[in-house]
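*Asks:* There's a structure below that I have some questions on.
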Amino acid sequence: MADPDSVFFFYQKLNQLRKQYPALIVYGDCELLDPDDSDVFMYRRFTDDQELLVINNFTDQEQSRPISTRLPKNARLMISNYADDRGDVLRPYETRSYLGERR
C-alpha cells in the first residue's frame with residue numbers, strides 16, 4: 001500500500017539509508033559547502049573511504065549550482081524527491097543525496 005511518491009515513503013527510505021550507512025550518515029565528519037548560500041543548502045558527510053553529498057533547494061525557483069564538480073568519486077544518486085536527475089539544475093524544493101567514494 002506504500003505510495004512511492006509519498007512523504008511517508010520518502011522518510012522511510014531516509015531511515016533505511018541511515019540504518020544501512022550509520023558510520024557515514026550518523027557518525028561521519030560533516031562539512032558545509034557554500035555556507036553563505038541562503039537558497040541551496042549543500043553539505044558532505046564522509047569517512048575515510050565513503051562520502052555522501054546532500055543538496056537541498058529551499059526555494060520555489062530552479063537553482064543552478066556546480067553539483068557535478070562536487071560529486072564523490074563513482075557517485076550514485078541514493079535518494080531524491082524527483083524521479084530524474086537534472087545535473088547542475090535543482091528544481092523547486094528539490095533534495096538529492098549522492099553516495100560514493102571519498103575523493
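FYI, it's all coordinate maths here, none of it is from the lab. Note that this is a predicted model, so its numbers are computed, not measured. A quick note on method: Cβ atoms are made from the backbone with ideal geometry, for glycine too, and the neighbour counts reach across all protein chains shown.
*Asks:* Could you tell me whether any residue of the range 22-42 is hydroxyl-bearing (Ser, Thr, Tyr) and under 26 Å from residue 4 (Cβ atoms)? So that I can check it myself, show each step before the final result.
*Replies:* Here is the first cut: in the range 22-42, the residues hydroxyl-bearing (Ser, Thr, Tyr) are 27, 38.
Among the residues that remain, those that are also under 26 Å from residue 4 (Cβ atoms) are: none.
Checked the range 22-42: no residue is hydroxyl-bearing (Ser, Thr, Tyr) and under 26 Å from residue 4 (Cβ atoms).
*Asks:* Looking at the range 1-37 only, could you name the residues that are farther than 20 Å from residue 81 by Cβ and touching a Ser or Thr at 6+ places or on another chain (Cβ under 9 Å)?
*Replies:* Matches in the range 1-37: 23, 24, 27, 28, 29.
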